[in-house]
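Chemist: One structure is given below, represented as structure tokens, and several questions about it will come after.
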Amino acid sequence: MERQNESEERSDQPSAFPRLSSDLQSLPEIPGGWQDRKFDVSGTTLEVLCPSQPDLFLDDDEVLKANEQNGYTPYWAFLWPSSITMSQLMSQAPWAPGTQVLELGSGIGLVGLAGLARGDRVTFSDYDPTSLHLCRMNAVRNGFSDPATLQLDWREPIAETFDAIVGCEVTYDAPLHGVILNLLSLMLSENGVCWLGDPGRYQSEKFYQLAQSQGFSIRVFDSKLNELEQPESNDFQIMELRRSSTAQKS
């Protein structure tokens with residue numbers, strides 16, 4: 001009886017795959033509803049809409065089915081603490097303002113919004129269309145033009161290159177490391193640079209070693225952008241990747 005009640009409670013929740021309106025002022029219904037957060041990013045206040053109870057997405061029946069089929073998990077719905085740190089460092093990124101930037105796994109879009117705030121031309125990308133809709137909403141709410149978005153499966157990179165690629169909390173799963181590096185080899189321009197934010201997961205050392213073995217030049221910086229000898233555990237870090245031939249010239 002208790003399990004039946006839990007099932008009925010879940011069925012009363014809005015879907016984790018909401019119907020999206022063409023009106024960017026119209027909020028879709030989601031499990032747990034929305035909350036509004038404010039962040040100071042290099043002197044600019046960014047107002048960001050995000051799910052107020054993202055854990056509820058994990059119990060959605062459609063999400064559970066998708067997870068069984070292809071491993072889908074709605075990580076986009078979570079505001080990861082590392083994204084706050086990385087957004088505050090974007091003003092010091094090593095590429096010129098106005099650069100064409102791709103954000104991987106945009107989620108709610110905070111890092112990409114920080115890129116827009118410094119003048120970059122950001123394309124937000126994610127596997128989930130709700131994430132992309134939210135990134136557009138958050139950009140427009142903060143006074144930016146409706147940005148470019150790209151529904152992207154990392155396993156299927158497209159034939160388009162970017163001079164800068166950013167991502168935060170994307171190296172958490174070792175089986176995806178090769179997938180991400182393959183994407184970078186195809187979508188990062190010859191002279192491009194990639195910044196990947198990481199909270200100090202133990203997987204970062206594996207990513208670091210694999211990137212080196214695949215011909216990338218990789219450097220690691222802490223939350224103050226001091227260079228580290230190698231990835232560390234339990235502290236925020238940025239892994240900066242370039243093609244080795246490019247790194248020798250820079």
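Chemist: To the nearest Å, what is the center-to-center distance of segment 142-205 and segment 70-136, using C-alpha atoms only?
Modeler: Spelled out, the Cα-based centre of one part sits 10 Å from the other.
Chemist: Among Ser244, Ser15, which comes first, then next, by fewest other beta-carbon atoms within 10 Å? Before the final figure, lay out the partial values.
Modeler: Details: Ser244 13, Ser15 16.
With the sparsest Cβ surroundings first, the list reads Ser244, Ser15.
Chemist: Let me ask something else. Taking the Cα centre as origin and putting +1 on Lys and Arg beta-carbons and -1 on Asp and Glu beta-carbons, what dipole magnitude results for segment 76-249, to the nearest 20 debye?
Modeler: Working: 12 positive and 20 negative charges, 63 e Å.
That gives a dipole near 300 debye.
Chemist: Please figure out what share of the DSSP beta bridges in the chain is antiparallel and state it in percent, rounded to the nearest 5. Working shown, then result.
Modeler: Details: 22 of 40 bridges.
Percentage antiparallel, nearest 5: 55.
Chemist: List the trypsin sites (Lys or Arg not before Pro) within segment 18-106 that fall in a DSSP loop (any state other than H, G, I, E or B) and whose Cβ has at most 12 other Cβ atoms within 10 Å. Don't skip to the end; give the middle numbers.
Modeler: Numbers: sites: Arg19, Arg37, Lys38, Lys65; in loops: Arg19.
Sparse-neighbourhood loop trypsin sites (Lys or Arg not before Pro): Arg19.
Chemist: Give the residue from Gln214, Ile158, Gly119 lying farthest towards the positive end of the charge dipole for segment 76-249; charges sit on Cβ (+1 for Lys and Arg, -1 for Asp and Glu) and the dipole is referred to the Cα centre.
Modeler: Gly119
Chemist: Can I ask one more? If each of Trp34 and Ala148 carries a label point 7 Å out from its Cα toward its Cβ, how far apart are those two points in nm?
Modeler: 2.6
Chemist: In whole Å, what are the extents of the chain along the principal axes defined by its C-alpha atoms, from largest to smallest?
Modeler: Cα extents, longest axis first: 64, 38, 35 Å.
No value in this document is a laboratory result; all are computed from the given coordinates. Please read these numbers as outputs of a predicted model, since none were measured by experiment. For neighbour counting, all protein chains shown are included, and Cβ atoms are generated from backbone atoms with ideal geometry for every residue, glycine included.
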